[in-house]
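Here's the structure we're looking at; comments come further down.
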Amino acid sequence: MTLAACILPLCLASAVSFDAARHAVSIEAVSAGCAEDATVEFLLVGPSSDNGYEAAFFTDATPAEIADAFDKAGIPRGLHVDFRNAAFWPAGVQLTMTPAFTNLVRDVRKEGLPQIVYTGGSRLADGTPIASTNEPCAVFALYGCEQSLIQFDDNLDQSATYGRFHLVQAIPEGDRRTITFAWNGDETWRPYTMKFVPGGLAKAVADIREAAAGRELSVTTDFSSELTLAEARACAQAVEMLDSRTVKINGCAKGQFYYRAFLPNEDWRERKKRLSQPPEVHFAADGKIRVCEIKEEWSDDEADLEPKLSEIATEYADAKAAAEAVSKLAERTSVVLMFAPLTTKLERFYELRNAAAKGIVQWYVFSE
């Protein structure tokens, strides 16, 4: 470290500054002028944001400049939420905020305020924070916003969170505040892969409990292709019990399914109970695959509130051909329902999934 760096903290500009020795970032912000007790979804948004009506403050610096300050302050990036890849939990090092968050915003639900963490937000390929290029330009969103640099360490769905956070008092539009975030240097979380192999459920659970002692884990699941559907379901049930703010189940190994695929809503077995009609894929024990398109026919009779459902089924001898058909049928819903005997190995589902269109977001596997 140079002498100058020892004497003075490095600074980007007056709009945002950092202190590498204290792992601290100070952000200059201007009040958006929300009224007392107003609902806010953002504590901080970038200067070009159009979401000032639901934000407490605009920052003077851009989200990219603020992210650069966090990097220079030595505050490591965590993991942002990524709904497409079933990562619903933010993870990162814990931050303290000055002034305290509760001096500015109150939680009307009184559920116990989550910890503030630094994720760094989602990025473009060149590393630029998406918050600097796209609305709402979130620097600190109070719900699970992928681009937000700073987050609460909780699974906070936007619709479920709306109305939870209110301003403690009105701050006149244009009033300025300096808000500082600091990290104490403790690594409070780490990524973890939870592997499931035939006969290995008990060990996998014991291992993760040992790893989670005293720290937070962001977990990727890895279900062996040799597992049967019955075994995968038992493993998924264990994962569901573990999923929490300390053991965060965030996605799955490449080419596999999020664990909830093996715990589908049993009501969806009955086609009339589904909100839409995604394609069905039925795996037979002899290796054949039957793909079903479910047609909805609506009556002109206003008293008839439900469509008539009919099935068009086509049988395929290999997964590649079946996947091509499934991809076309799933274009509208991005959902696929699969049915197979409990003894079916996961390799059969993985083969079809990896041959299908990448845009299919949700897969569910039912026993048959």
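From the list THR314, THR344, which one is hydroxyl-bearing (Ser, Thr, Tyr) and in contact with a Ser or Thr (Cβ under 7 Å, 6 or more places away or on another chain)? Outline the logic, then answer.
Working: THR314 fails: in contact with a Ser or Thr (Cβ under 7 Å, 6 or more places away or on another chain).
Only one candidate passes the filter, namely THR344.
In the range 326-337, the condition of being surrounded by 13 or more Cβ atoms within 10 Å (Cβ to Cβ), at negative phi and of a type in the set (Asp, Glu) is met by no residue.
Kindly indicate the residue of the range 158-178 that is among the hydroxyl-bearing types (Ser, Thr, Tyr) and in contact with a Ser or Thr (Cβ under 9 Å, 6 or more places away or on another chain) and also surrounded by the fewest Cβ atoms within 10 Å (Cβ to Cβ) among those meeting that condition. Top of the filtered list is THR178. Scanning the range 239-258 for residues that are farther than 25 Å from GLU351 by Cβ and either without any contact (Cβ under 8 Å) to a residue 60 or more places away in the chain or aliphatic (A, V, I, L, M) (or both) gives GLU240, MET241, LEU242, ASP243, SER244, THR246, VAL247. Filtered by the rule that a residue be under 30 Å from ARG22 (Cβ atoms), free of Cβ contacts under 8 Å to residues at least 40 places away in the same chain and surrounded by fewer than 14 Cβ atoms within 10 Å (Cβ to Cβ), the range 179-214 gives ARG190, ALA213, GLY214.
Among the residues of the range 252-280, those that are crowded, with 19+ Cβ neighbours inside 10 Å and in contact with a helix residue (DSSP H, G or I) (Cβ under 6 Å, 6 or more places away or on another chain) comprise TYR259, PHE262, PRO279.
Only one entry in GLN151, GLN115 is among the polar types (S, T, N, Q), in contact with a Cys (Cβ under 9 Å, 6 or more places away or on another chain) and in the same structural domain as PHE42 (by TED's automatic domain parsing), namely GLN151. Number of residues in the range 286-298 that are exposed (fewer than 10 other Cβ atoms within 10 Å of the Cβ) and outside any strand (DSSP E or B): the value is 1. Put simply, of SER132, SER159, SER122 the only residue that is closer than 18 Å to ASP71 by Cβ, assigned by TED's automatic domain parsing to the domain that holds LYS72 and under 18 Å from the mean Cα position of the chain (by Cα) is SER122.
Would you point out the residue of the range 315-360, among those that are basic (Lys, Arg) and in a loop (DSSP other than H, G, I, E, B), that is farthest from the chain's Cα centre (by Cα)? Walk me through how you get there before you give the answer.
Just the residues of the range 315-360 that are basic (Lys, Arg), to begin with: 320, 328, 332, 345, 348, 353, 358.
Retained after the next criterion (residues that are in a loop (DSSP other than H, G, I, E, B)): 332, 358.
Working: ARG332: 23, LYS358: 18 Å.
Here the answer is ARG332.
Can you name the strands (runs of 3 or more DSSP E) wholly within the range 11-55 that have at least 2 residues being in the same structural domain as ASP71 (by TED's automatic domain parsing) and not aliphatic (A, V, I, L, M)? Can you show your working first?
On the way: elements: 11-13, 16-19, 24-31, 42-45.
Strands (runs of 3 or more DSSP E) meeting the threshold: 16-19, 24-31.
Only residues that are at pLDDT 95 or above, of a type outside the set (A, V, I, L, M, F, W, C) and in contact with an Asp or Glu (Cβ under 8 Å, 6 or more places away or on another chain) were counted in the range 93-114, giving 1. Considering the conditions (1) of a type in the set (S, T, N, Q); (2) under 21 Å from LYS72 (Cα atoms); (3) not in a loop (DSSP other than H, G, I, E, B), THR193 is excluded by exactly one of them, (2). Can you say whether GLY185 is in a loop (DSSP other than H, G, I, E, B) and touching a His at 6+ places or on another chain (Cβ under 9 Å), as far as the supplied structure shows? Yes; evaluated as a whole, the condition is true for this residue.
Restricting to the range 1-35, count the residues that are buried (at least 19 other Cβ atoms within 10 Å of the Cβ) and at pLDDT below 95. Summing the residues that are buried (at least 19 other Cβ atoms within 10 Å of the Cβ) and at pLDDT below 95 in the range 1-35 gives 1. Each residue in the range 179-223 was checked for being within 23 Å of the chain's Cα centre (by Cα) and not hydrophobic (A, V, I, L, M, F, W, C), and 14 of them qualify.
It is to be established whether one or more residues within the range 160-177 are among the polar types (S, T, N, Q) and out of contact with any Asp or Glu (no Cβ under 8 Å at 6 or more places or on another chain). So that I can check it myself, show each step before the final result.
Going through the range 160-177, the residues among the polar types (S, T, N, Q) turn out to be 161, 169.
If we keep only those that are out of contact with any Asp or Glu (no Cβ under 8 Å at 6 or more places or on another chain) as well, we get none.
Within the range 160-177 (the criterion being among the polar types (S, T, N, Q) and out of contact with any Asp or Glu (no Cβ under 8 Å at 6 or more places or on another chain)), the answer is no, since none of the residues qualifies.
The values are calculated or read from the model by the stated rules, or taken from the named source; none is laboratory data. Values in this document were obtained by computation on a predicted structure and should not be read as measured data. A quick note on method: Cβ atoms are made from the backbone with ideal geometry, for glycine too, and the neighbour counts reach across all protein chains shown.
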